[in-house]
Amino acid sequence: MSVNQATARTGEISTLSPLQGRDCLTLLDFTPREIQGLVDEALGMKQAWKEGKADRPLTGKTLAMIFDKPSTRTRISFETGMAQLGGHPLHLNRGDLQLGRGESLPDTARVLSGYVDAVLIRTFSHEAVEELARRASIPIINGLTDLHHPCQALADLLTLKESRGRLAGLTLAYIGDGNNMLHSLLEAAAATGIHLRAATPQGYEPDPAIIRRARKAATRTGADLYFTSDPREAATGADAIYTDVWASMGQEEEKERRIRDFAGFQVDPALMSLAKPDALFMHCLPAYRGLEVSAEVIDGPRSIVFPQAENRLHAQKALLAALIG
């Protein structure tokens, strides 16, 4: 039985078919029901792939992938996923395009719309991705910007659903920088009923506009979004603890100052002990042992960072099939 047949029996396919031709710039571009449908479809696709029963719904389709930032998980998972779905991934750096010589984004968007079926872009400016989406007539997928990382957050939802059997009502503690990862986790939690407690140092809080948008979405699902500067308060009683690097790409010159400012925010065994006894540890990777997380935690029995990384592949396959298929 194909994944699509299995999904159709549950009625979920009806939540995914309206996604065809849509963009994925942030997770709140989708309704809570659509996000749940993507997570369920990803679970089905993962099981089918493990059993050797995967479909190839994107045969003859091409995904252009533009990278202004280096990548391990985003590039390899999208390239592999597109190939597994039967499509063709086309890897491009800015220097490979006339963008590197000053061609405008609107012109590039219109040209690519005539050649390929979707564009993945991993870049710095979120406004540039929005401009690309406005001008293109094909789906645009945000592979990461300085403001959002929706594909990672979708994989995180898949990982939590797979590990805990549910999303609504779980408590997720985020410890660290109020960066693009936290922004997308706020939106993911708001859309699925996860209670998210975010502990960030003073001066490193998430974007207020993104908080407002997430809180508005949370009113539909009952998610509680709580903010503090105390990591212990956030971790207490959590089902999972999540962290990210303290200095993201483009912030390397701030590393020493950030190490000082983030003192006390390392996820170590003492912090994990405040969470539930079976609490999980999550990290979007790459990780720096001895900074945002201790080796004992990330390499310990409660760490699920590598299944979480693998789930980028399966979550993004569901996204690609829904947007392009």
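The values are calculated or read from the model by the stated rules, or taken from the named source; none is laboratory data. These figures come from a predicted structure and were not determined experimentally. Neighbour counts run over all protein chains shown; Cβ positions are idealised from the backbone, glycine included. Just the protein is used for accessible areas: all its heavy atoms, side chains included, with ligands, DNA and RNA removed. Shrake-Rupley method; radii C 1.70, N 1.55, O 1.52, S 1.80 Å.
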Residue identified as closer than 17 Å to V245 by Cα, out of contact with any helix residue (DSSP H, G or I) (no Cβ under 8 Å at 6 or more places or on another chain) and not charged (D, E, K, R) among G165, G178 = G178
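Please determine, by comparing only the residues of the stretch 145-163 that are of a type outside the set (D, E, K, R) and part of a loop (DSSP other than H, G, I, E, B), which one is most open to solvent (accessible area, probe 1.4 Å). Write out each step before concluding.
Looking only at the stretch 145-163, we keep the residues that are of a type outside the set (D, E, K, R), and these are 145, 147-155, 157-160, 163.
With part of a loop (DSSP other than H, G, I, E, B) added as a condition, the list becomes 145, 147-149.
Values: T145: 0, L147: 50, H148: 9, H149: 15 Å².
The qualifying residue most open to solvent (accessible area, probe 1.4 Å) is L147.
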Scan the helices (runs of 4 or more DSSP H) fully inside the stretch 171-275 and keep the ones with 2 or more residues being over 26 Å from T123 (Cα atoms).
-> 208-221, 231-235, 255-261, 269-272
Give the residue that is farthest from L320 (Cα to Cα), with candidates limited to residues of the stretch 85-110 that are open to solvent by 30 Å² or more (accessible area, probe 1.4 Å) and assigned to a loop (DSSP other than H, G, I, E, B).
-> G102
Taking the stretch 276-309 and keeping only residues that are of a type in the set (S, T, Y) and either open to solvent by 20 Å² or more (accessible area, probe 1.4 Å) or assigned to a strand (DSSP E or B) (or both), one is left with Y288, S303
So, in the stretch 51-84, of the ones that are in a loop (DSSP other than H, G, I, E, B), among the small types (G, A, S) and closer than 16 Å to L320 by Cβ, which residue ends up least open to solvent (accessible area, probe 1.4 Å)?
-> A54
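How many residues are of a type in the set (S, T, Y), more than 23 Å from G290 (Cβ to Cβ) and crowded, with 19+ Cβ neighbours inside 10 Å when one looks only at the stretch 164-219? Break it down into steps so the answer makes sense when it comes.
First, pick out the residues of the stretch 164-219 that are of a type in the set (S, T, Y): 171, 174, 184, 192, 200, 204, 219.
Okay, now just the ones that are also more than 23 Å from G290 (Cβ to Cβ), so 171, 184, 192, 219.
Those left that are additionally crowded, with 19+ Cβ neighbours inside 10 Å: 171, 184, 192.
The total comes to 3.
Which residues, counting only those in the stretch 111-127, are under 14 Å from K69 (Cα atoms) and either of a type in the set (D, E) or in a helix (DSSP H, G or I) (or both)?
Of all residues in the stretch 111-127, those under 14 Å from K69 (Cα atoms) come to 120-126.
Passing the criteria: only H126.
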Residue match in the stretch 267-274 (condition: open to solvent by 10 Å² or more (accessible area, probe 1.4 Å), among the small types (G, A, S) and touching a strand residue (DSSP E or B) at 6+ places or on another chain (Cβ under 6 Å)) = no
With the first residue restricted to the stretch 33-57 and required to be within 12 Å of L319 (Cα to Cα) and among the charged types (D, E, K, R), and the second required to be open to solvent by 60 Å² or more (accessible area, probe 1.4 Å) and assigned to a loop (DSSP other than H, G, I, E, B), Cβ contacts under 6 Å at 6 or more apart or on different chains are none
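Which of the residues spanning the stretch 310-325 are of a type in the set (D, E, K, R) and open to solvent by 10 Å² or more (accessible area, probe 1.4 Å)? Let's see the steps before the verdict.
In the first step, residues of the stretch 310-325 are kept if they are of a type in the set (D, E, K, R); the result is 310, 312, 317.
E310 - this is the single residue of the stretch 310-325 that is of a type in the set (D, E, K, R) and open to solvent by 10 Å² or more (accessible area, probe 1.4 Å).
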